[in-house]
Amino acid sequence: MMATETGATADPVHLGDSASSIMDKVQEITGEIPQKQLTVEDLRRMREPVKRLVEAGRVLAVQEDQDGRRSAMITLQDGQLYLHPLLRQPTPAHAHTLQKSEVVGVLEPSCTLAFLDLGWAGSTRGRVTIRLTPDTPLARQFVLLCTGQRGHTYRNTKLLEVWHKGKPGEWVRGGDYERNDGEGGAPLLPHLQGQYRESGRAGAVFSLYRPWGPRSAQFVIITRDCQDGGQFTDVFGDVVSGLDVVRAAVNHSDITEVTVVDCGVVLPL
């Protein structure tokens, strides 16, 4: 039973003899989730109270290690949950937190969708979503740099150069998380050799400096199909949406003014 604002008793809310816990039923009535009781399972079920919390920016994944505490926003867009990079940032008031290990655990054996938000001229221009080749070392490294789990992230890095602009095989390079000038981007994982594809199709994502190279954390996105069967090696992903955003970036007057303003992964819940 619930009382209305005037003090009168409202019609009873009957939840039936379901398998829901008492707390589930309280949440259905009040629309609130007690502090520190949000779980990954709540995210999977995405009931209305949880959806409101996520949309209000009150759900974060946190990680504490020898370098301190960092947190990552979890957002909802078009029915998809996105995990943003771990950053040193204040926790919003009344936020609900989940351990990063619990959230990222749902990504095993490896995440398959990552995103880069590109921006220039003072505004974000669009989201680029990349489907990664499962269980390849370069894909796992890309996830680490999109989520910041090792302390480094693609966030605030800039695109570095365009080759073959306006011609078949056009591509753009980025991902120097160390120096942001094209001379950095050391690998985060010790062994990046693996079974990689070859592709000359627009949207393919590959490592220009080979998996064993000192700058193998940098990435390249092909923006125009290669001609005459041309192929690039060490392909570990493909753009599934937002290739138009990358092409617009390539056509910007100065590619180094284009930045990755945000990044992360899609949570496959």
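The values are calculated or read from the model by the stated rules, or taken from the named source; none is laboratory data. Just so you know, these numbers come straight off a predicted model, no measurement behind them. Backbone-built Cβ (ideal geometry, glycine too); neighbour counts: all protein chains shown. SASA here: full protein model, heavy atoms, side chains in, ligands and nucleic acids out. Shrake-Rupley method; radii C 1.70, N 1.55, O 1.52, S 1.80 Å.
One table, with the values for the structure above:
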| quantity | calculated |
| --- | --- |
| Surface share of carbon and sulfur [accessible, 1.4 angstrom probe, percent] for the range 99-203 | 44 |
| Unit charges at the beta carbon, dipole of the range 131-173: most positive-side option, PRO134, ASN156, GLY169 | ASN156 |
| Note, ³J(HN,Hα) from phi for the range 131-138, Karplus 6.51, -1.76, 1.60, rounded to Hz, x at Gly and Pro | 8, 8, 6, x, 6, 10, x, 5 |
| Semi-axis lengths, Å, the range 109-266, gyration tensor of Cα atoms, sqrt of 5 times eigenvalues | 21, 19, 14 |
| Calculated log₁₀ intensity ratio I(q)/I(0) where the Debye formula runs over C-alpha points of the range 166-219, q = 0.15, 0.17, 0.21, 0.26 Å⁻¹ | -0.46, -0.58, -0.82, -1.06 |
| Amide H partners (placed H, <5 Å) of ALA202, local residues excluded | ASP225, CYS226 |
| Heavy atoms of TRP163: accessible area, 1.4 Å probe, square angstrom to 10 | 120 |
| 3J(HN,Hα) from dihedral phi, the range 68-77, Karplus parametrisation 6.51/-1.76/1.60, rounded to Hz, x for glycine, proline | x, 9, 10, 9, 10, 5, 10, 10, 10, 8 |
| Qualifying trypsin sites (Lys or Arg not before Pro) for the range 64-148 [loop in DSSP, other Cβ within 10 Å: at most 14] | ARG88 |
| Whole-Hz couplings from phi, Karplus 6.51/-1.76/1.60, listed for the range 85-92; x for Gly and Pro | x, 5, 9, 7, 8, x, 7, x |
| Long-range HN-HN contacts of LEU267 with modeled amide H, under 5 Å | LEU81, TYR82, LEU83 |
